[in-house]
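The values are calculated or read from the model by the stated rules, or taken from the named source; none is laboratory data. This is a predicted model, so every value here is computed, not measured. Cβ placement follows ideal geometry from the backbone for every residue including glycine, while neighbour counts extend to all protein chains displayed. These area figures cover heavy atoms from the full protein model, side chains too; ligands, DNA and RNA do not enter into them. Shrake-Rupley method; radii C 1.70, N 1.55, O 1.52, S 1.80 Å.
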Amino acid sequence: MSLKKESIFIVSLIILWYSSNIGVLLLNKLLLSNYGFGFPIFLTMCHMSACAFLSYISIVFLKIVPLQRIKSRSQFLKIATLSLVFCGSVVGGNISLRYLPVSFNQAVGATTPFFTALFAYLMTFKREAWVTYACLVPVVGGVIIASGGEPSFHLYGFIMCISATAARAFKSVLQGILLSNEGEKLNSMNLMLYMAPIAVVALVPAVFVMEPNVLQVFVSLGIEHKFMWIILLLNSVMAYSANLSNFLVTKYTSALTLQVLGNAKGAVAVVISILIFQNPVTVIGIGGYSMTVLGVIAYGEAKWRYK
């Protein structure tokens, strides 16, 4: 592949990654708040079902990556544990979107490095340089400031958002521990292939117990809003596309590039969501979120320098 073609290919991947991640976030908010489809567990089940089906097609038929098979019962149990934690983080994030604007949701989500560092220390006793920990102060401080300046602050939504962020960080640390054996390591595509069906199996009974009238509302809202079913299908496909493009961007660039792009992606998502949903923002809220983003950038830089 020539340098020009390779550059176009990488830029296309980044655009796909941005549009998939931001698209699924905005469509989640549209469905959960604007359409009144208040069923975050069912929505997560749709996402996981799409991920399970499309992962199978991508790996078994399209052979985007080689199929890695589960080699032991122990490995399966480890993957199942990761799947349940991952599932919990997605459900929590979707619940929070019912009550919080996307802009504030992203500000809270930006604190992931703080929780990752915390769990890494508590679970593996892994210590970073003091400069690295110092960079986490504005990460947390920024969210505290943004919370005070958020006109649409909702306590339950905030608790679910911070819980989802912590669960996401916990999953990444847990994955490093459980799949540390070279023979058990899976790339993110194969891990999703096995995690998604386990998540669906766990979510089906949860939907029937906690959201028993979802099918009735799903049909009635679909008749009332003719595009709702299409949006839900597009949203589910985007959920898989976000995972696929995340894997491909990492493969063709680097983890550091992904981190930098990820920081920018959050800011882009905030701007687009404010333009679309017209949620009120304050100077204090913008200042707090900016502090958090700058803290995350400094944390990434410090971690790379003092590795």
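Below are the figures for this structure:
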read-out	value
Residues of region 166-196 classified as more than 16 Å from Phe119 (Cβ to Cβ) and either in contact (Cβ under 8 Å) with a residue 40 or more places away in the chain or not polar (S, T, N, Q) (or both), total	15
Among (1) modelled with pLDDT under 95; (2) in contact with a Ser or Thr (Cβ under 7 Å, 6 or more places away or on another chain); (3) under 19 Å from Ala242 (Cβ atoms); (4) surrounded by fewer than 23 Cβ atoms within 10 Å (Cβ to Cβ), the one test that Val65 misses	(2)
Residue in region 78-100 that is within 21 Å of Asn263 (Cα to Cα), at pLDDT 95 or above and hydroxyl-bearing (Ser, Thr, Tyr) present	yes
Selection count, region 281-307, where residues are assigned to a loop (DSSP other than H, G, I, E, B) and either modelled with pLDDT of 90 or more or within 15 Å of Thr112 (Cβ to Cβ) (or both)	1
Given (1) open to solvent by less than 30 Å² (accessible area, probe 1.4 Å); (2) without any contact (Cβ under 8 Å) to a residue 24 or more places away in the chain, index of the condition His47 fails	(2)
Restricting region 268-278 to residues that are free of Cβ contacts under 8 Å to residues at least 40 places away in the same chain and either assigned to a helix (DSSP H, G or I) or among the aliphatic types (A, V, I, L, M) (or both), the residue that is least open to solvent (accessible area, probe 1.4 Å)	Val271
Members of region 83-128 found to be hydrophobic (A, V, I, L, M, F, W, C) and surrounded by fewer than 22 Cβ atoms within 10 Å (Cβ to Cβ), listed by number	Leu84, Val85, Phe115, Leu118, Phe119, Ala120, Leu122, Met123, Phe125
Of the criteria (1) assigned to a helix (DSSP H, G or I); (2) over 19 Å from the mean Cα position of the chain (by Cα), which one Pro66 fails	(1)
Residue match in region 236-252 (condition: surrounded by fewer than 14 Cβ atoms within 10 Å (Cβ to Cβ), modelled with pLDDT under 90 and not basic (Lys, Arg))	yes
Where Pro212 falls short, out of the listed (1) open to solvent by 70 Å² or more (accessible area, probe 1.4 Å); (2) under 29 Å from Lys71 (Cβ atoms); (3) not β-branched (Val, Ile, Thr)	(2)
